[in-house]
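Heads up, the thing below is written out as structure tokens.
The values are calculated or read from the model by the stated rules, or taken from the named source; none is laboratory data. These figures come from a predicted structure and were not determined experimentally. FYI the Cβ positions are ideal-geometry reconstructions off the backbone, even for glycines, and counts take in every protein chain you see. For the accessible areas, the whole protein counts, side chains as well, though only heavy atoms, and no ligand, DNA or RNA atoms are used. Shrake-Rupley method; radii C 1.70, N 1.55, O 1.52, S 1.80 Å.
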Amino acid sequence: MPTLPKFVAGNWKMHGLPEEGRALARALVQAGAGKKGVEVVVCPPLTSLAPVARELAGSGIAVGAQDCSPQDQGAYTGDVSARMLKAAGCGHVIVGHSERRDCHHEGDSLVCAKMTAAHKAGLSVILCVGEKDPKMENELRNEVVRIQLANSLAASARAGNTVIAYEPVWAIGSGLTPTAEQISGTHRAIRACLPPRLDGARIIYGGSVKPDNAAGILRLQDVNGALPGGASLKAESFLKIIEAAG
Ligand code: PEP
């Protein structure tokens, strides 16, 4: 597997109306964010996916959804299938984000089913894993993440269609980040437990990635990209993170 470029995805969460999403996308295109040697993805809220995808056409920046149904179609009120996301212009989808796990009680087997459905529809998956407790010892943290991966990684996962996002839950939106040693150590542990079919897969870090800490995090061994949330909501700060990855 040839070395894949660094991967930076912005999780916009439930922020912004379609017009605001389009304006942010336009600013990223104007700054050439998709042409910096980094694979760049933005993950807007559902109603902004198609308008943002149209705005980004030909820019080198891809669009991802923040969740998908494990089902192809049917009587599942409120759900959206991976095929529908693909038709809206998505190339990627986040599954297993801690906010879905917490707010919607999603467990590893559901995450695995969502991942399978996403791959079947031709979407690439950003699979989030991470521990909740900031004080967890290294060995226990590695074990928590290993179990999440063992139970949520779909049989369809390959290096080319799957990115693993290590996101310590306590670091998300808190302004706190683990030490460089903790990030490197956990990424190494994740790499060590991936099956051979994921050789070369990117393992990215998420949790309070900002312009001022991005370069330090992105240069760590086995950190192949980033998943910023808050800092992806402004073109200027998201661009700085992309540039730090380039
Ligand atoms: C996230 O949305 O996954 C995230 C890491 O958010 P933040 O960068 O705001 O901590």
Unit charges at the beta carbon, dipole of the chain: most positive-side option, Tyr76, Gly173, Ala226: Ala226
So how strong a dipole does the chain carry about its Cα centre when Lys and Arg Cβ are +1 and Asp and Glu Cβ are -1, to the nearest 20 debye? 620 debye
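Run the accessible area of segment 10-77 with a 1.4 Å probe and give the carbon-and-sulfur part as a rounded percent.
Values: 1790 of 3290 Å².
Summing carbon and sulfur atoms, their accessible area is 54 percent of the total for segment 10-77.
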Distance in nm between Thr47 and Gln73 label points, each 7 Å along Cα→Cβ, equals 2.5 nm
Once you place label points 7 Å from the Cα toward the Cβ at Gln182 and Asp102, how far apart are they in nm? 1.5 nm
Contour excess over end-to-end distance, with Cα ends at Glu143 and Glu19 and 0.36 nm allotted per residue: 40.3 nm
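Compute the FRET efficiency between Lys120 and Ala192 as 1/(1 + (r/R0)^6), taking r as their Cβ-Cβ distance and R0 = 41 Å, and round to the nearest 0.05. Write out the running numbers ahead of the final one.
On the way: r = 28 Å, r/R0 = 0.69.
Rounded to the nearest 0.05, the efficiency is 0.90.
In deg cm²/dmol, rounded to 500, what helix-only [θ] at 222 nm does the chain give when every DSSP H run of at least 4 residues adds -39500 (n - 2.57) and the total is split over its residues?
Details: 9 runs with 94 residues, N = 246.
The helix contribution divided over the chain gives -11500 deg cm²/dmol.
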For the chain, dividing by residue count, accessible area per residue (probe 1.4 Å) in Å² works out to 45 Å²
So Asn151 and Ala215, fully extended at 0.36 nm per residue minus their Cα-Cα distance, gain in nm 19.9 nm
Straight-line reach from Lys35: which lysines have Cα under 29 Å away, leaving out those fewer than 8 places along the same chain? Lys6, Lys13, Lys86, Lys120, Lys210, Lys234, Lys240
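How would you order 112-120, 75-83 from highest to lowest mean count of nearby Cβ atoms within 10 Å? List each step's numbers first, then the result.
Numbers: 112-120: 22.2, 75-83: 13.6.
So the order, starting with the most tightly packed, is 112-120, 75-83.
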Each label point is 7 Å from the Cα along the Cα-to-Cβ direction; what then is the distance between the points at Gln30 and Leu4, in nm? 3.2 nm
